[in-house]
Amino acid sequence: MSRLSWQAAAPWVLPSATLAVLLALWQSAASAGMLPATVPAPTAIAVELVTNRAIYWYHLVPTALTAISGYLLAIGIALAAALTVHHVRSLELAVLSLGSCIDSIPIIALAPVLTIWMGVALPTRITLAMIICLFPLLATALRGLHAPSDAARALFRVLAASSWQQFRKLTFPAALPYFFHGLKIAAPLAVLGTLVGEWTGAEQGLGVLMTGAMLNLEILQLWGSVCVTCALASLLYGVVALIEYFALRGRPAGEAE
Amino acid sequence: MGRLVVSGVSKRFELGKGSVEALRQVGLSLETGQFGALIGPSGCGKSTLLRLVADIAAPSEGSITIDGEPPAQCRRDHRIGFVFQDPALLPWRSVLENVRLPLEVAGKRGVGSGHSPMDLLKLVGLEAFADARPSQLSGGMQQRAAIARALVLAPKLLLLDEPFGALDEITRHKMNLELLRIWQATGTTALMVTHSIQEAVFMADFVFVLAARPGRIVDQIEVGLPRPRDTVTMNDPAFGALVSRVRGGLFGEPAGMLAYG
């Protein structure tokens, strides 16, 4: 392998190799009977996932749809709030205080309150997914809208740019890396919010499957549902990261870090 | 086209309880195609004056006209070019797209309403970097791209706020020679803020010496050195005398005593 392609492959090779080594250790510990009965071998979990794939698919779909709905709703609300605050600066402290206040309530404490209020229903779970995503999205969006330098803003003033031109050609592109930063933080959080919502009551969903398996000591199913949840969260993150890659292609690295 | 007249301009900034007088009763004028330099210590309001001329801020008192019109009109007509100390190139655009930006904002994509961005890149010697990203350019090259951007709408007035302040002295001198060549090629009126006495005398037809607290013009020196100027100009005894006079204005010594000292 040439030096260049090795460097290109390195970010993938090292994490994959680490994961493979851990899985191999786990598998051999299980074969040697060193693990408690509550920890199955990786191969046993894999077999479980393939055998009962219909069950996992049945519960995955509503969780995914709820998480995505809450996520999209949070993006809309956060962007609207950020744009409003950006134009009415005096609101910034109020909105950020309210946002951080809501964010400081543990989602696990908010779930029963919302369930009592809104009932065991889809809107409750979407709201939970939305709330948990909201603050990271809002904070990064606001930071992004502040991203253009004084000189860049003065340049657009000298050019007599309309506020729409300034937004389209300066503020929005300058804010994009920050937006994506928030989107990547929020994507797995949406899955977490949905799961917590499903724990407090639902007919269908990975959270339901998970709690059911726990109460019935269905060890394989519990591990299986955890794996599917992780896969969903990673997939959402991956999709956002892919969109980010194409949206920010050709820019210098590490702008929003 | 491009006669600049500043008369009786004062600028106060309200700061909490009191106010700071950044400029007091400043007056200067430049004829079309002339090059003016503003020099003075930090805090003398020279950058503020430039921002007032560009209508980035408004004066508290006094008037500024460009060909008899207020700066706001000139700015709306896209006839002011501004080069900032920070090149302020947009990192997501190529160098050529950055130079084209003012044409897009002004809604002038056709020929005849401004300069061709590619021609300007040639003028500043960056034609080979048209498709490069700003981050791939050195500081001096970025500032040359910013100058091309400022010139693309064929401005009446080119304002430069310490454009080469962040560069090393050798690069800065090269850039000054470049700027003189570009300015003469366009025939625009130019006003530049600088910290360097040599730079001010080398570049300008008129050097305006400012003092701080409050910012005001304490001396105005006409530089009669022939153009085009080059490095040899700096060896001219008249150049040394003018540098001494500007230094005298800055530090308060009587000009005559230092003239040939």
With every protein chain left in place and a probe of 1.4 Å, what is the accessible surface of B:ARG24, to the nearest 10 Å²? 110
Dipole-positive endmost among A:ILE219, A:VAL113, A:LEU170 within the range A:112-257 (Cβ charges, Cα centre): A:LEU170
In the A-B interface, the accessible area buried, summed over both sides, Å² (probe 1.4 Å): 1900
P(r) tail for the protein assembly as shown, what percent of Cα pairs lie past 36 Å? 51
What relative contact order, as a whole-number percentage, does chain A give when Cα pairs under 8 Å and 6 or more residues apart are counted? 24
Can you bin every Cα-Cα distance in the range A:149-212 into 5 Å intervals starting at zero and give me the percent of pairs per bin, rounded to whole numbers? 4, 15, 15, 11, 8, 8, 7, 7, 7, 7, 6, 3, 1
Which residues among the range B:199-227 fall inside the zone where the amide N is under 12 Å from a point 7 Å beyond the Cα of B:ARG12, along Cα→Cβ? none
Taking every DSSP beta bridge that has both residues in chain B, what percent is antiparallel when rounded to the nearest 5? 50
What distance in nm separates the simple spin-label points at A:MET118 and A:ALA37, each placed 7 Å from Cα in the Cβ direction? 4.1
What residue among A:THR211, A:THR115, A:THR84 has the largest mean-square fluctuation in a Gaussian network model of chain A, using Cα springs under 10 Å? A:THR84
Amide H contacts of B:LEU160 (H built 1.01 Å from N, under 5 Å, at least 5 apart or other chain): B:VAL83, B:LEU191, B:MET192, B:VAL193
Lysine-lysine proximity count for chain B, Cα under 21 Å, sequence distance 8 or more or distinct chains: 6
Could you work out which residue, out of A:SER163, A:SER69, A:SER225, moves most in a Gaussian network model of chain A, that is, has the largest mean-square fluctuation with Cα springs under 10 Å? A:SER163
Taking only the alpha-carbon atoms of chain A, the convex hull volume per residue, in cubic angstrom, is 170
Cut-off under 5 Å, modelled amide H: who pairs with B:VAL26 long-range: B:GLY8, B:VAL9, B:SER10
Compare B:VAL246, A:VAL120 by solvent-accessible area with a 1.4 Å probe and give them largest first, with all protein chains kept in place. A:VAL120, B:VAL246
Given N residues in the range A:20-108, what is its alpha carbon radius of gyration divided by 2.2 N^0.38 Å? 1.87
Towards the positive end of the charge dipole of the range B:77-131, with charges on Cβ (+1 Lys, Arg; -1 Asp, Glu), say which of B:LEU90, B:ALA106, B:LEU120 has the farthest Cα. B:ALA106
Whenever you get a sec, line up A:TRP199, A:TRP117, A:TRP57 from highest to lowest accessible area (probe 1.4 Å, protein heavy atoms). A:TRP117, A:TRP57, A:TRP199
Take the Cα atoms of the range B:162-261, build their convex hull, and give its volume per residue in Å³. 110
Under a Cβ-only charge scheme (Lys and Arg +1, Asp and Glu -1), can you give me the dipole magnitude of the range B:145-261 about the Cα centre, in debye to the nearest 20? 240
Counting only protein heavy atoms and leaving out ligands, DNA and RNA, the solvent-accessible surface of B:THR48 at a 1.4 Å probe, in Å² to the nearest 10, equals 30
Label-point separation, A:ALA17 to A:ALA46 (7 Å along Cα→Cβ), nm: 2.1
GNM, chain A, Cα, under 10 Å: largest mean-square fluctuation among A:LEU91, A:LEU235, A:LEU222? A:LEU91
Cα-based Kirkwood hydrodynamic radius, the range B:6-64, one decimal, Å: 12.2
Surface accessible to a 1.4 Å probe, B:ARG149 within the full protein complex, Å²: 10
Residue by residue through B:77-86, how many Cβ atoms from other chains fall within 10 Å of the Cβ on average? 3
Using a Förster distance of 25 Å, how high is the FRET efficiency between A:ALA231 and B:SER135, based on the Cβ-Cβ distance and rounded to 0.05? 0.10
By a straight-distance test (C-alpha under 26 Å), which lysines pair with A:LYS184 as possible cross-link partners, with residues fewer than eight away in the same chain excluded? A:LYS169
If I model a spin label as a point 7 Å beyond the Cα along the Cα-Cβ vector, how far apart are those points for A:MET214 and B:LYS174 in nm? 6.7
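The values are calculated or read from the model by the stated rules, or taken from the named source; none is laboratory data. Predicted model only: the values in this text are computed from it and were never measured. Note: ideal-geometry Cβ built from the backbone for every residue, glycine included; neighbour counts use all protein chains shown. Only protein heavy atoms, including side chains, enter the accessible area calculation; ligands, DNA and RNA are left aside. Shrake-Rupley method; radii C 1.70, N 1.55, O 1.52, S 1.80 Å.
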